[in-house]
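Worksheet: the structure to be examined is printed underneath.
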Amino acid sequence: MSAENKAIGARLRAERKAQGLVVADLAARFREVAPAQVRSQLPTARDIERAVRDHEAGKRAVGPRYRLLYAAALDLPEDVLFSHGADAPSLISSDIELMELANRAEASDVGAGTLDLLDVAIERLCCDYPTVAADDLCVRGRAHLDHVLSLLDSRTTLAQHRELLVDAGWLTVLLACVYFDAGDKAAAEIARHTARRLGEQAGHGEIIAWSWEIAAWFALVERRFPDVVACSEAGLRHAGHTNAAVQLTLQAGRGYARMGDGRGADALEIGRGVLNRLPRPDHPENHFVFDHDKYEFYASTIFTMAGQDDAAEEHAREVITQCRPSADVVRWPMRLAMVSLDLGIVAARRGQLDTAVEHARTALSPTRRSGDLLPRTAELAGILRDRFPHESLVGELEEQIRQELVGAGRAPELL
């Protein structure tokens, strides 16, 4: 039993469970998706189920025919299932097996050790958000959510049941962000609505607040600026004195800045006040933690949106220093890309074509991207087109963005 077979098997099992399928369901789906010439050669349903169990257990390698069937049945490319990031599922399997072991050791359906391990796993997922590929985070997040949902069906105390609802809430707000980054808006909306319901069931105001913050973010990307403010204000009614309160305040500031409303600058001051009363975080890389470095990032964007170019440049340069502590280290690739766009927009307004295009290409270079990267890059290209309608550099940049949009499944009409 090779390590590679075990890793692939863990990924297949996690994806099957994430899609709500039992082995018999998957075997039936194989027959449905198989091309006619392959379908006639398939073994019996019982033999297919036995093969699936062997694959998931890592007892045998998945041959070319089954690779084709898995990819079609699970609606995922073969290279995602069988090559790229194959070690991620083994990490999932390790986490979940440890939790199940903790259950057995404590002779209970859901023990404290299980919940502690689950907290660690969720913390790690949230900390991986800035750097790990969105597809990998989707697979890992769904597998852990599936495990939490299975625990919710177990015998639990009221306190344990609430804690599991909270865990499911954090996983679904994370998945909402990751799905959006991956370009799956429908899945992102479902995850966001689910997170809000879980937060309401658990009585957890911060999870409810984050579900509203994500709605505000979606509205910002889609240029529904009044909705950005409305969603942020709705979230603030639940946020209390938390990290979500800071981000919601500054998200509202973005909406105001986009509408040319001076309350964008007020939001920066209010957000700074809330942030200063929060303790310094132990894990600032957690996506749902608002640290002082992140404040500089929001300030850069708000000043850019408000047209205050000197202030925007000052904060953007500070963010770049934070993101690049040394020449070969990037701490926050998505932040670095977005402030590069801030600097590109400032340069475009100042008539600095070469500098603006250079910043745009810097923004497009990371593989880990935020869901609003391409729309804002298209915005920068629009400013350049207005100022330099006949420059070949602008046309080349627009073509690069158009190809990126098509490759990401986004509407090229954004340009």
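The values are calculated or read from the model by the stated rules, or taken from the named source; none is laboratory data. A quick note: this is a predicted structure, and the numbers were derived from the prediction, not measured. Every residue, glycine among them, receives a Cβ derived from its backbone with ideal geometry; neighbour counts consider all protein chains shown. The accessibility values were calculated without ligands, DNA or RNA, using every heavy atom of the protein model including side chains. Shrake-Rupley method; radii C 1.70, N 1.55, O 1.52, S 1.80 Å.
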(message) Quick test of your reading of the structure: Ala299 fulfils all but one of (1) open to solvent by less than 20 Å² (accessible area, probe 1.4 Å); (2) in a helix (DSSP H, G or I); (3) within 30 Å of Ala121 (Cβ to Cβ); (4) not hydroxyl-bearing (Ser, Thr, Tyr). Name the failing condition by number.
(response) (3)
(request) Would you tally the residues in the range 109-141 being open to solvent by 20 Å² or more (accessible area, probe 1.4 Å) and closer than 17 Å to Ala10 by Cα? (result) 2
(message) Just checking: which of the helices (runs of 4 or more DSSP H) contained wholly in the range 17-71 hold 3 or more residues that are surrounded by 15 or more Cβ atoms within 10 Å (Cβ to Cβ)?
(response) 23-33, 45-57
(message) Tally up the residues in the range 242-268 that are outside any helix (DSSP H, G or I) and either free of Cβ contacts under 8 Å to residues at least 24 places away in the same chain or out of contact with any helix residue (DSSP H, G or I) (no Cβ under 7 Å at 6 or more places or on another chain) (or both), please.
(response) 3
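For Thr321, are the conditions met, namely being free of Cβ contacts under 8 Å to residues at least 24 places away in the same chain, open to solvent by 30 Å² or more (accessible area, probe 1.4 Å) and among the β-branched types (Val, Ile, Thr)?
On the way: free of Cβ contacts under 8 Å to residues at least 24 places away in the same chain: yes; open to solvent by 30 Å² or more (accessible area, probe 1.4 Å): yes; among the β-branched types (Val, Ile, Thr): yes.
When the stated conditions are applied, Thr321 passes them.
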(message) So, in the range 213-229, exactly how many residues are part of a helix (DSSP H, G or I) and either surrounded by fewer than 17 Cβ atoms within 10 Å (Cβ to Cβ) or acidic (Asp, Glu) (or both)?
(response) 3
(request) Report, ordered by the first and then the second residue, all pairs with beta carbons closer than 9 Å, sequence separation of six or more or different chains, a first member in the range 281-304 that is farther than 17 Å from Pro333 by Cβ, and a second member that is of a type in the set (Lys, Arg) and modelled with pLDDT under 90. (result) His292/Arg280
(message) I'm trying to understand the selection: among the residues of the range 370-384, which are of a type outside the set (S, T, N, Q), open to solvent by 10 Å² or more (accessible area, probe 1.4 Å) and assigned to a loop (DSSP other than H, G, I, E, B)?
(response) Asp372
(request) Might you let me know whether the range 390-412 holds any residue that is in a strand (DSSP E or B), without any contact (Cβ under 8 Å) to a residue 24 or more places away in the chain and over 24 Å from Arg254 (Cβ atoms)? (result) no
(request) Among the numbered conditions (1) under 25 Å from Arg162 (Cα atoms); (2) open to solvent by less than 40 Å² (accessible area, probe 1.4 Å), tell me where Gly240 comes up short. (result) (2)
(request) Would you check if there is a residue in the range 142-152 being surrounded by 19 or more Cβ atoms within 10 Å (Cβ to Cβ), charged (D, E, K, R) and under 10 Å from the mean Cα position of the chain (by Cα)? (result) no
(message) Residue under question is Arg387, and the condition is that it be closer than 29 Å to Ala245 by Cβ and among the basic types (Lys, Arg); does it hold?
(response) no
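Could you tell me which of the residues Phe297, Phe218, Phe225, Phe288 is at pLDDT 95 or above, in contact with a helix residue (DSSP H, G or I) (Cβ under 9 Å, 6 or more places away or on another chain) and over 26 Å from Val132 (Cα atoms)?
Numbers: Phe297 fails: over 26 Å from Val132 (Cα atoms); Phe218 fails: over 26 Å from Val132 (Cα atoms); Phe288 fails: over 26 Å from Val132 (Cα atoms).
Step by step, each of Phe297, Phe218, Phe225, Phe288 is checked, and only Phe225 is at pLDDT 95 or above, in contact with a helix residue (DSSP H, G or I) (Cβ under 9 Å, 6 or more places away or on another chain) and over 26 Å from Val132 (Cα atoms).
From the list Thr362, Thr367, exactly one residue is within 30 Å of Ile214 (Cα to Cα), touching a residue at least 40 places away in the same chain (Cβ under 8 Å), open to solvent by 20 Å² or more (accessible area, probe 1.4 Å) and among the polar types (S, T, N, Q). Which is it?
Working: Thr362 fails: touching a residue at least 40 places away in the same chain (Cβ under 8 Å).
After applying the criteria, what remains is Thr367.
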